Amino acid sequence: MGGTKDIDLETDAQKGLFLALRERRNELAAEKGVPPYLIFTNVYLDGFDHYVMEMLRFPYIRYMDDMILFSNGKADLKVAFRMCEKYLEEELHLAVKPGSVLLNSRMHGLPFWGFRIFPNLLRLKAVNVKRLVAKIKLRQYQFKNNQIDEAALCRSVQSTFAFAGIADSFQTVKRICDGIG
């Protein structure tokens, strides 16, 4: 089975994307504070995190119960999944939800955290673009009706564009701007 040193992320862009995803996970936790369920999840899954990174030696990202393992080979991923599943069942008495596992070629992209992740590209999912437009329109309505002040409107719009800006999404951001008129 491949270890972290054996994984070929091929390009600096792929390595950067891997690190950006890990950083985004940390930003999400920082933006929202650290709620108790996140602390409990991290404490409970700490042993599993170490197992994956130190014993299986796969590049790995986890946020709450969403996990990504990276490998150059499907066979390695299948073996790693069985080992992860066994660890979760035997050590933590957890079961992987049926139908929740996606074994995907990087060329098809991976849906995760509202994005579709490709080897050298990060795209917003279409449903999230619609959600972002609706959020901005709601904040505009609230501002026009004195339900929120200008500072709250600005924070909301900045937050929305910061989320969209993580992706390679100049055209998407343009569509959002066109959508809010």
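The values are calculated or read from the model by the stated rules, or taken from the named source; none is laboratory data. Not measured: the values here are computed from a predicted model. Neighbour counts are summed over all protein chains in view; Cβ atoms, including those assigned to glycine, are modelled from backbone coordinates with ideal geometry.
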Checklist entry - Which of the following residues is within 22 Å of residue 117 (Cβ to Cβ), surrounded by 15 or more Cβ atoms within 10 Å (Cβ to Cβ) and modelled with pLDDT under 75: 28, 21? => result 21
Checklist entry - Would it be correct to say that residue 137 is without any contact (Cβ under 8 Å) to a residue 12 or more places away in the chain and either of a type in the set (Lys, Arg) or in contact with a Lys or Arg (Cβ under 6 Å, 6 or more places away or on another chain) (or both)? => result no
Item to check | Residues of the stretch 134-153 satisfying the condition of being more than 20 Å from residue 178 (Cβ to Cβ), hydrophobic (A, V, I, L, M, F, W, C) and assigned to a helix (DSSP H, G or I) | outcome: 151, 152
Checklist entry - Based on what the data block shows, is residue 154 within 23 Å of the chain's Cα centre (by Cα) and either of a type outside the set (Val, Ile, Thr) or closer than 18 Å to residue 21 by Cβ (or both)? => result no
Checklist entry - Only one of (1) modelled with pLDDT of 75 or more; (2) in contact with a strand residue (DSSP E or B) (Cβ under 9 Å, 6 or more places away or on another chain) fails for residue 104. Which number is that? => result (1)
Item to check | Subset of the stretch 126-147 [surrounded by fewer than 17 Cβ atoms within 10 Å (Cβ to Cβ), within 22 Å of the chain's Cα centre (by Cα) and of a type outside the set (A, V, I, L, M)] | outcome: 130, 131
Checklist entry - For residues in the stretch 70-122 being assigned to a helix (DSSP H, G or I) and aromatic (Phe, Trp, Tyr), which is farthest from the chain's Cα centre (by Cα)? => result 87
